[in-house]
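Just below is one structure, and these are the notes that go with it.
The values are calculated or read from the model by the stated rules, or taken from the named source; none is laboratory data. Please read these numbers as outputs of a predicted model, since none were measured by experiment. With ideal geometry, Cβ positions are generated from the backbone for all residues, glycine too; neighbour counts draw on all protein chains shown.
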Amino acid sequence: MVVRHPQRLPLLALGMLALLTGLWAGLARLGWDVPLPRSGFSSLHGPLMVSGFLGTLISLERAVALGKPWAYAAPLLTGIGSAGLIAGVPLAPAQWLIVAGSVGLVAIFGAIILRHPALYTFTMGGGAIVWAAGNLLWCIGWPLFLVVFWWMAFLLVTIAGERLELARLQQVTGAAQAMFLLLMGILLAGLIVLGWSFDTGVRIFGAGLAGLALWLGRHDIARRTVRQTGLTRFMAVCLLTGYAWLGISGLFAMWSGGVPAGPQYDAMLHAFFLGFVFAMIFAHAPVIFPAVLGARMLYRPLFYAHLLLLQATLVVRLAGDAAGWGVGRQVGGLLNAATLLLFLVNTVSALRSPPERPSIAARATS
Ligand code: HEM
């Protein structure tokens, strides 16, 4: 297979390395007896998944969208930083590289906002600032159970911004925009408060998650496009299931409040990261991978396999969490990881050489 932009492959590879190593570390955190390079390695799970994998990929995608060579410094810095974490270099230099990469993403959004000053670009730029702030807090020694909410806000705000861009097609009214801003404010208030009162802050944050789930579910064009066929319908189904998990995560956070580890923490985080964030990735992968690589992607109904498995395995894991059923939690988590591998296999095997005519990615509307 030929790709038009092979020079972007090393950056993509750094993100994938973080994903695979982060999953491995996650299995160790879940209690599976997997071999690890050194003690304490499993604590890298969260940073590798969020800043190493998702941060690098989002920065790469935005660098491609901006089209300026300097912008590639952002994914390069986060990618090298997370490779450093894996290799076991002292923590601080690797963390600072990741902070620098996230500041790079803020700069990318600065340039994008200059071109298109609009609510959706300001929203996504705000997401990048929250990510950089979270990485900075991690650097100065805040515990991961606090930093993780900044990382969640980064992903949610970025995704909400992207969907807002498309929701313009749905003619979001002034009142709906005001509600969107109010919900963003609640999310931000939760972040600020949790530094002082962990429990109250998490509950406020959870209200923001649940509110945004309702808002996105109500205003996203996926509600219309789900009635279409093929890739467009697949994307819409992913998006709608993702919003349901986002709501569930918010309800968990409101119910459990500030919990620094254990089943409730696991359920709240992974309803968000797996149920919501990965559903968004499943939805956008058939568009983003071809755009980043300069390749074509064949849509196949087989894509529903990884989407359905994600739902089923997440239900098993969360049932294990909720019922104190350790085996269910462990097996569900292992199957979650297997589902993500299946997604990678399905995605890579659907890539084809660049088209001579406009690709499926260019034609997809949501
Ligand atoms: C697919 C398999 C996964 C497994 C087996 C797994 C496992 C775990 C476990 C056991 C914990 C600790 C929960 C506790 O304290 O009881 C955890 C925390 C966490 N996970 Fe995952 N996870 C997975 C997927 C993900 C994904 C896809 C993401 C992000 C995209 C993610 C991000 C995080 C973060 C940020 C934390 C909190 C970090 C910390 O407290 O150290 N996980 N994960």
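Quick look at the values:
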quantity: The listed residue being free of Cβ contacts under 8 Å to residues at least 60 places away in the same chain and either β-branched (Val, Ile, Thr) or assigned to a helix (DSSP H, G or I) (or both), out of LEU246, LEU240, LEU191, LEU209; calculated: LEU240
quantity: Residues satisfying the stated conditions in region 222-242, i.e. of a type outside the set (Ser, Thr, Tyr) and surrounded by fewer than 19 Cβ atoms within 10 Å (Cβ to Cβ); calculated: ARG223, ARG224, VAL226, ARG227, GLN228, GLY230, ARG233, LEU240
quantity: Unmet criterion (only one of (1) under 20 Å from the mean Cα position of the chain (by Cα); (2) of a type in the set (Val, Ile, Thr); (3) under 24 Å from PHE343 (Cα atoms)) for THR232; calculated: (1)
quantity: The listed residue being outside the structural domain of GLY333 (by TED's automatic domain parsing) and either out of contact with any helix residue (DSSP H, G or I) (no Cβ under 7 Å at 6 or more places or on another chain) or without any contact (Cβ under 8 Å) to a residue 24 or more places away in the chain (or both), out of GLY79, GLY88; calculated: GLY88
quantity: Criterion (within 20 Å of LEU334 (Cα to Cα) and in a helix (DSSP H, G or I)) met by exactly one of SER51, SER42; calculated: SER42
quantity: Residue, surrounded by the most Cβ atoms within 10 Å (Cβ to Cβ), within region 120-163, restricted to residues that are within 11 Å of the ligand (Cβ to nearest atom), over 15 Å from the mean Cα position of the chain (by Cα) and more than 19 Å from SER82 (Cβ to Cβ); calculated: LEU146
quantity: When residues of region 253-264 are limited to those that are in a helix (DSSP H, G or I) and within 13 Å of the ligand (Cβ to nearest atom), the one farthest from GLY211 (Cα to Cα); calculated: PRO263
